[in-house]
Amino acid sequence: MADLRVELLAIEDCPHLEQARRDLESVLRQGIIEVPIQLIFVTGPDDAEFLGFQGSPTIRINGDDVVPQPELPVALGCRIYRDAEGRALGSPPIEAIRASVGAHRRVRLEAFQREEAARVAEFAREADAAESSIESNGKQPEG
């Protein structure tokens, strides 16, 4: 979706950056609209603190970490993830990426559907009001 903001944060020479990028691109390709990935290199403690960076690599979708771990401190080192079986991984599990992207797409789709429903309802109200006005004036619409 056009309003899907995708960030891949990493330190220089991160050994797991390419795996994270491949998994992220794979998930994003499953969507209808191409979404750019903003690659952000975290170069020092000030950057890490400012970004709330908890280790490399980190993937965020619309500002939300795909594997939220609020207990992790800000860090410039590698980040360890766990897959569904508990095995250690160097990049976010593809299932977590897929779930996060899917959740944000669903939220956007639901918002779009609500907006469209509101437009249809407003159109119907306006049509009803116009019809009532015509009936109360006793005139037939020109056409």
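Summed over the range 7-23, residues that are in contact with a strand residue (DSSP E or B) (Cβ under 8 Å, 6 or more places away or on another chain) and either at pLDDT below 95 or surrounded by fewer than 21 Cβ atoms within 10 Å (Cβ to Cβ) (or both) total 6.
Filtered by the rule that a residue be part of a strand (DSSP E or B) and in contact with a Lys or Arg (Cβ under 8 Å, 6 or more places away or on another chain), the range 3-23 gives VAL6, GLU7, LEU8, LEU9.
So if I check each of PHE41, PHE50, which one is loosely packed, with under 14 Cβ neighbours inside 10 Å, within 19 Å of ALA75 (Cβ to Cβ), modelled with pLDDT of 95 or more and not hydroxyl-bearing (Ser, Thr, Tyr)?
Working: PHE41 fails: loosely packed, with under 14 Cβ neighbours inside 10 Å.
Exactly one residue qualifies, and that residue is PHE50.
Right, VAL120: closer than 29 Å to ALA48 by Cα and among the β-branched types (Val, Ile, Thr) or not?
Values: closer than 29 Å to ALA48 by Cα: no; among the β-branched types (Val, Ile, Thr): yes.
Judged against the criteria, VAL120 is not a match.
Does ALA103 satisfy being closer than 22 Å to GLU7 by Cβ, at pLDDT below 90, surrounded by 10 or more Cβ atoms within 10 Å (Cβ to Cβ) and of a type outside the set (D, E, K, R)? Here the answer is yes, as ALA103 does meet what is asked. Here the condition is being of a type outside the set (A, V, I, L, M) and in contact with a Phe, Trp or Tyr (Cβ under 8 Å, 6 or more places away or on another chain); of ASP3, ASP47, ASP64, ASP13, it holds for ASP47 alone. Selection within the range 42-72: residues that are touching a His at 6+ places or on another chain (Cβ under 9 Å) and not in a loop (DSSP other than H, G, I, E, B). The member of this set that is farthest from ARG98 (Cα to Cα) is SER56. In the set (1) in contact with a Pro (Cβ under 8 Å, 6 or more places away or on another chain); (2) modelled with pLDDT under 95, ASP128 fails one condition alone, (1).
The values are calculated or read from the model by the stated rules, or taken from the named source; none is laboratory data. This is a predicted model, so every value here is computed, not measured. With ideal geometry, Cβ positions are generated from the backbone for all residues, glycine too; neighbour counts draw on all protein chains shown.
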